[in-house]
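The structure appears below as structure tokens.
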Amino acid sequence: MLSFTLLNCFYTVFSKFVIILLVITVLVISKNKLTNGSNLSCLLEFPFIVGFSVLFMFLLTSSYDFFCVYMSIEGLSLTLYVMAAMLHTGVVSIESAIKYFSLGAISSGILLFGVSILFGLVGSLDFLEIYLFLGNSFLYEPVLLELKFSLLCIFFGFFFKLSAFPCHI
């Protein structure tokens, strides 16, 4: 039986509050741009897409296992793909959305490959179980190499999704 493991503590509530403040700021700043444009569909769908992205950000801040983290990152990525292609009158917008989607699929594959190796080693996707496994000082050398490769794939996939330094181009 699959179950989502969600955590609710002071830090998650605080981060959700910060997310709400930032989203309100973005909506207020973008109100001028949306009302001055002649595209009415953009005006109607933009708040819904932002709302779905907020929902997935809330799930991401509260998740406590790799399954929920992956599902919320993918949901957030899908909303961001749509936002990248929202100005559909320009060719550059459509091209950037297609490139963003294809590179996001590659990074999702790398991330899932690392998570599957980690699941094969640990036997669980829960962060507490993984922490307890990593805290074990009695790990064999082949297991340690597989663990390092798994964590490298996971971090590379996350950095790719975040457009962090090594993967930002």
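Filtered by the rule that a residue be more than 13 Å from Ser77 (Cα to Cα) and surrounded by 13 or more Cβ atoms within 10 Å (Cβ to Cβ), region 92-108 gives Ser93, Ile94, Ser96.
For region 61-74, a tally of residues being surrounded by fewer than 19 Cβ atoms within 10 Å (Cβ to Cβ) and closer than 20 Å to Phe156 by Cβ returns 4.
Going by what's in this entry, would Ser107 be described as in contact with a Lys or Arg (Cβ under 9 Å, 6 or more places away or on another chain) and modelled with pLDDT of 80 or more? Walk me through how you get there before you give the answer.
On the way: in contact with a Lys or Arg (Cβ under 9 Å, 6 or more places away or on another chain): yes; modelled with pLDDT of 80 or more: yes.
Yes.
Within region 120-145, the set of residues being closer than 23 Å to Cys68 by Cα and assigned to a helix (DSSP H, G or I) comprises Gly120, Leu121, Val122, Phe127, Leu128, Glu129, Ile130, Tyr131, Leu132, Phe133, Leu134.
Matching residues to (1) farther than 29 Å from Pro142 by Cα; (2) in contact with a Phe, Trp or Tyr (Cβ under 8 Å, 6 or more places away or on another chain):
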{"position": "Asp65", "(1), (2)": "no, yes"}
{"position": "Ile94", "(1), (2)": "yes, no"}
{"position": "Gly109", "(1), (2)": "no, no"}
{"position": "Leu118", "(1), (2)": "no, yes"}
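Of all residues in region 127-138, those that are surrounded by 15 or more Cβ atoms within 10 Å (Cβ to Cβ) and either more than 23 Å from Leu162 (Cβ to Cβ) or at pLDDT below 85 (or both) total 1. Of all residues in region 58-73, those satisfying the criterion of being in a helix (DSSP H, G or I) and touching a residue at least 12 places away in the same chain (Cβ under 8 Å) are Phe58, Leu59, Leu60, Thr61, Ser62, Phe66, Phe67, Cys68, Tyr70, Met71, Ser72, Ile73.
The values are calculated or read from the model by the stated rules, or taken from the named source; none is laboratory data. Fair warning: this is a prediction, and the values are worked out from it, not measured in the lab. Cβ: placed from backbone, ideal geometry, glycine included. Neighbour counts: every protein chain shown.
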